[in-house]
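Below: one structure, written as structure tokens.
The values are calculated or read from the model by the stated rules, or taken from the named source; none is laboratory data. Small disclaimer: the values here were computed from a predicted structure and weren't measured. Reconstructed Cβ throughout: ideal geometry from the backbone, glycine too, with neighbour counts over all protein chains shown. Side chains are part of the model used for accessible areas, which takes the heavy atoms of the whole protein and leaves out ligands, DNA and RNA. Shrake-Rupley method; radii C 1.70, N 1.55, O 1.52, S 1.80 Å.
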Amino acid sequence: MRTRSLPVGELIIKAALDHYLKGVKVLLVAPGKLPVEPTVYLKRTGGVAASPGEVDQGTYQFRVFGGRFSEAAELGQALRDALYAAEAAQFSTAKGRMGKVTEISAPSPLTQENEGSPFVRYATYNVITR
């Protein structure tokens, strides 16, 4: 008997962000150079099979890029809103659905930012997918 494999959380989260963040590029592969247009890059950094074959609890790091401080700050907030909206709606795809979202680290600028260069905010969330 074959057991069901765990969902690929990155694909479910990307689909949710594509749905809720209109006009924002969502990447699963790190950009070659820092983008100045509104962009979100997401990467799984850890996690566990909360229920093997059914429920995955992943830890994801998000990088939010913008050409201006205000653009990156607003996109960081929009990322939070999108993740919580996807949780509330139990956003689903053919590959699985979103469950509980827990913020570990809110979108924050962690580097020295200079006007004229891309602005970056980092955030970390635990996301359950089924």
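List of remarks:
- Filter result for the condition that a residue is touching a Ser or Thr at 6+ places or on another chain (Cβ under 9 Å) and free of Cβ contacts under 8 Å to residues at least 40 places away in the same chain, over Val26, Val64, Val101: Val26
- Residues of region 35-51 satisfying the condition of being among the β-branched types (Val, Ile, Thr), more than 14 Å from the chain's Cα centre (by Cα) and at pLDDT 90 or above: Val48
- Within region 24-34, tally of residues that are more than 17 Å from Tyr125 (Cβ to Cβ) and modelled with pLDDT of 95 or more: 2
- Single match in Ala15, Ala72, Ala86 (criterion: of a type in the set (A, V, I, L, M), outside any loop (DSSP other than H, G, I, E, B), open to solvent by less than 40 Å² (accessible area, probe 1.4 Å) and more than 19 Å from Arg130 (Cα to Cα)): Ala72
- Single residue of Val36, Val29, Val40 found to be aliphatic (A, V, I, L, M) and either open to solvent by less than 50 Å² (accessible area, probe 1.4 Å) or part of a strand (DSSP E or B) (or both): Val40
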